1. Pairs, please: C-beta under 9 Å, at least 6 apart or cross-chain, first residue surrounded by 15 or more Cβ atoms within 10 Å (Cβ to Cβ) and in region 298-313, second assigned to a helix (DSSP H, G or I)?
2. What number of residues in region 228-247 are buried (at least 23 other Cβ atoms within 10 Å of the Cβ) and in contact with a helix residue (DSSP H, G or I) (Cβ under 9 Å, 6 or more places away or on another chain)?
3. Which of the following residues is surrounded by fewer than 20 Cβ atoms within 10 Å (Cβ to Cβ) and free of Cβ contacts under 8 Å to residues at least 12 places away in the same chain: Glu291, Glu323?
4. Which residues, counting only those in region 292-316, are more than 19 Å from Gly48 (Cα to Cα) and part of a helix (DSSP H, G or I)?
5. Filter the helices (runs of 4 or more DSSP H) completely within region 168-245 down to those with at least 3 residues that are within 16 Å of ligand 1 (Cβ to nearest atom) and within 16 Å of the chain's Cα centre (by Cα).
6. Hey, does region 291-300 have a residue that's within 18 Å of the chain's Cα centre (by Cα) and not assigned by TED's automatic domain parsing to the domain that holds Asp32?
7. Considering each of Gly48, Gly65 in turn, give the residue that is in contact (Cβ under 8 Å) with a residue 24 or more places away in the chain, crowded, with 16+ Cβ neighbours inside 10 Å and within 17 Å of the chain's Cα centre (by Cα).
8. Can you pull out the residues in region 89-136 that are in contact (Cβ under 8 Å) with a residue 24 or more places away in the chain and open to solvent by 80 Å² or more (accessible area, probe 1.4 Å)?
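The values are calculated or read from the model by the stated rules, or taken from the named source; none is laboratory data. Quick caveat, the model's predicted, so the values are computed rather than measured. When we count neighbours, we look across all protein chains shown, and the Cβ atoms used for this are built from the backbone with ideal geometry, even at glycine. To get the accessible areas, we keep the full protein, side chains included, count just its heavy atoms, and leave off ligands, DNA and RNA. Shrake-Rupley method; radii C 1.70, N 1.55, O 1.52, S 1.80 Å.
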Amino acid sequence: MNKENILEVKGVHKRFHSKGVTVKAVTDVSFDVKPGETIGIVGESGCGKTTLGRCIVRAYDASEGEVFYRTREGEEVDFLQVDKKKMKEIRKEIQMIFQDPYSSLDPRMTVLDIIKEPLKANYPKMPKAEMDQRAKDMAEKVGLNPMYLMRYPHAFSGGQRQRIGIARALVVEPQIIVCDEAVSALDVSIQAQVINLLRDLQKELNLTYLFISHDLSVVEHISDKVGVMYLGKMVEFAPTEDMFAKPMHPYTEALLSAVPVADPKYQMERIPLKGEIPNPANPPSGCYFHERCQYCTEKCVTEAPELKEMPDGRLCACHRAEELSLRGFSYEE
Ligand SMILES: Nc1ncnc2c1ncn2[C@@H]1O[C@H](COP(=O)(O)OP(=O)(O)OP(=O)(O)O)[C@@H](O)[C@H]1O
Ligand code: SF4
Ligand SMILES: [Mg+2]
């Protein structure tokens, strides 16, 4: 592992087999993460964002690949290969926060018990009083009223339920949090509050985030770097500002053109994406994006572009990346 990194995702594949069909949900995804960074992962529905996140936290077993991780103790491990004993020790260090705060909280448990649950699982010998105290402290940190911790999740609003989910993930003091559409189910004003909370917690607790979202405007606000996925592949990976100012992959350009802007003066011309998202059980030949790409050439139909390093250091998988000059998200008049 590079000394600067906390996480190195290398060649991760995930294939699902069902009813005689193989779905390539994630194909050969690689990227590096430094401690304290936020990496946004974007792309249309079904492009493999959740599957990738789940492979990284080992909720799914990846079909291939490695996820090198630097533990809190400074040890380098392949998170996908560690034995049971080691896993018990370090699993808590990489947590996931889910999309739907309505279905991911057990309705029969009090909020205090929900937040305490990961402590029970990871520290079975911890005295009850200490567990209670840690859970209460964490509840307070995420802005939940300690008076209400004996209530059940249904008594809370969507934003507060997401705070419960955040407290539950943080109570075991992880280093990395995979946030899967963590604010997507919330109203825009509540979204901003939860994002601000996540940012404050990140600074205070020195957290590293993988922030999965189909909403580019949300990702722009929180991410240092963004990875764009299309049909299971990473097609561009770049610092957020560079990507928004000057995308290098035609799919990124199309996604950016569709981001809604409040001020119509700044609205850019939308680049329509032709056709439907192809079926990942039967992907197109060559570049997976070729049927929908306005810059497609003959080579694109037959040859799959590799994710390559560009002169400015970003990664892009397009045969024409360096010759095209694509439109970014401009704030200028
Ligand atoms: N358990 C599973 N079994 C079979 N196929 C699956 C499974 N989970 C996901 N898939 C398929 O893998 C592909 C990627 O799905 P995934 O849920 O990772 O996408 P996503 O980018 O998170 O989408 P969304 O934005 O809708 O959440 C899809 O084609 C999906 O149908
Ligand atoms: S490789 Fe070809 S089809 Fe694919 S994104 Fe680039 S220009 Fe478009
Ligand atoms: Mg998803």
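1. Cys300/His290; Pro305/Lys299
2. 11
3. Numbers: Glu291 fails: free of Cβ contacts under 8 Å to residues at least 12 places away in the same chain.
Exactly one of Glu291, Glu323 is surrounded by fewer than 20 Cβ atoms within 10 Å (Cβ to Cβ) and free of Cβ contacts under 8 Å to residues at least 12 places away in the same chain, namely Glu323.
4. Glu298, Lys299, Cys300, Val301, Thr302
5. Correct list: 216-222.
6. No.
7. Only one candidate passes the filter, namely Gly48.
8. Selection gives Arg91, Gln99, Tyr102, Pro107, Arg108, Glu117, Lys136.
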